[in-house]
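*Asks:* The structure follows.
Every number here is computed from the coordinates shown, using simple stated rules; none is lab data. Since the model is a prediction, treat every value here as computed from it, not as a measurement. Positions of Cβ are generated from backbone atoms using ideal geometry, with glycine treated the same way; all protein chains shown enter the neighbour counts.
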Amino acid sequence: MRVYFMNVARLYSLGVLFMSLVESSQKLKLGDRAPDFQLSGVDGKFHTPDDYNQRNAFVVIFMCNHCPYVLAKLEVIKKLHQTYSPKGVGFVAINSNNNPQFPDDSFEKMKEFAQAHQIKFDYIFDETQAVAKAYGAECTPDSFVFDADSRLVYHGRFDDARTPEAKPTVHDLANALDVVLVGSLPKSHFLPSLGCSIKWRD
């Protein structure tokens with residue numbers, strides 16, 4: 001895991017007082033099964049991997065409400081859901097931030113966030129943070145793609161844009177889904193994400 005610190009001027013330009021940036025690392029390996037979870041969603045329902053493992057593939061995204069890296073990718077995530085859900089791909093976003101210093105990421109704020117941004121994919125709360133630890137998630141946003149057998153086929157970045165204002169030229173997650181949907185494996189199954197660190201309680 002690599003940790004980056006943005007300079008003060010840059011933080012203020014993003015509207016953030018302090019933010020450590022983390023590059024994701026691998027815990028789950030290619031072919032590992034999706035770790036289990038049973039978490040409450042903003043829709044008032046409990047969600048588990050069984051909700052998604054009957055699909056052709058499913059995507060697990062670790063995100064939150066306040067991170068500028070998440071906000072920069074939110075329309076990308078919504079577009080991916082809109083494009084690939086009709087092709088049999090399930091989507092679930094997990095918020096594992098549960099630190100009193102970040103009240104904007106509370107479960108109640110998640111409901112407001114989902115409504116304000118018209119989020120149509122499942123958005124669930126990892127209150128104990130055990131799910132993030134099981135997946136090895138360290139930053140937001142970070143994505144994991146599992147095939148129809150719930151086996152990991154891709155982990156990492158959405159695209160090659162490394163800062164919120166950058167324009168992507170390579171759409172890695174979409175490319176991975178295209179390959180998985182025809183029964184193949186992506187050439188690269190791990191391309192590190194870069195984003196805000198998950199706000200651990202400890």
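*Asks:* Dipole of region 21-197, Cα-centred, from +1 at each Lys and Arg C-beta and -1 at each Asp and Glu C-beta, to the nearest 20 debye?
*Replies:* It comes to approximately 360 debye.
*Asks:* Further, regarding this structure: Give the cysteines in the chain for which no other Cys Cβ lies under 4.7 Å away, or write none if there are none.
*Replies:* If one checks each Cβ against the other cysteines of the chain, Cys64, Cys139 turn up with nothing under 4.7 Å.
*Asks:* While we're looking at this one, here's another question. By how many nm would the segment from Ser85 to Asp178 lengthen if fully extended, with 0.36 nm per residue of separation less the alpha-carbon distance?
*Replies:* Gain on stretching Ser85 to Asp178: 32.2 nm.
*Asks:* Which of Pro186, Phe107, Ile94 sits closest to the plus end of the dipole of the chain, meaning its Cα is farthest towards the positive end, when Lys and Arg get +1 and Asp and Glu get -1 on the C-beta?
*Replies:* Pro186
*Asks:* Search the structure for amide H atoms under 5 Å from the amide H of Phe190, placed 1.01 Å from N in the peptide plane, and list their residues when 5 or more places away or on another chain.
*Replies:* Residues meeting the criterion, in which the H sits 1.01 Å from N, are His155.
*Asks:* Return one quarter of the surface area of the convex hull spanned by the alpha-carbon atoms of region 94-202, equal to its mean projected area, in nm².
*Replies:* 8.0 nm²
*Asks:* Also, I was wondering about something else. Quick check on region 76-202: of the DSSP beta bridges with both residues there, what percent are antiparallel, nearest 5%?
*Replies:* 50 percent
*Asks:* Among Phe62, Phe144, Phe121, which one moves the most in a GNM of the chain with springs linking Cα atoms closer than 10 Å?
*Replies:* So, out of Phe62, Phe144, Phe121, the one fluctuating most is Phe121.
*Asks:* Moving on. Over 22 Å between Cα atoms, which of Lys78/Lys111; Lys29/Lys78; Lys120/Lys199 qualify?
*Replies:* Lys29/Lys78; Lys120/Lys199
*Asks:* Given q = 0.13, 0.16, 0.23 Å⁻¹, what are the Debye log10 I(q)/I(0) values for region 46-122, with equal point scatterers placed on the Cα positions and solvent ignored?
*Replies:* One equal scatterer on each Cα of region 46-122 leads to -0.41, -0.61, -1.14.
*Asks:* Turning to a different aspect of this structure: Put +1 on the Cβ of every Lys and Arg and -1 on every Asp and Glu Cβ in the chain; which of Ala116, Phe46, Ala176 then has its Cα farthest towards the positive end of the dipole?
*Replies:* About the Cα centre, the residue reaching furthest to the positive side is Ala176.
*Asks:* Moving to a separate point now. Springs between alpha-carbon pairs under 10 angstrom, Gaussian network model over the chain: which of Asp36, Asp142, Asp105 fluctuates most?
*Replies:* Per the Cα network of the chain with a 10 Å cutoff, Asp36 tops the list.
*Asks:* Which of these values of Rg and Dmax of the Cα atoms in Å was calculated from the structure shown: [x] 15.7, 47; [y] 18.5, 62; [z] 17.9, 56?
*Replies:* Computed from these coordinates, Rg and Dmax of the Cα atoms in Å corresponds to label [x].
*Asks:* Still on this model: Run the helix sum for the chain: -39,500 (n - 2.57) per DSSP H stretch of 4+ residues, divided by residue count, reported at 222 nm to the nearest 500 deg cm²/dmol.
*Replies:* Value at 222 nm, helices only, nearest 500: -7000 deg cm²/dmol.
*Asks:* Follow-up question, since we're still on this one. Could you compute the FRET efficiency for Phe46 and Gln26, with r as their C-beta to C-beta distance and R0 at 35 Å, rounded to 0.05?
*Replies:* 0.75
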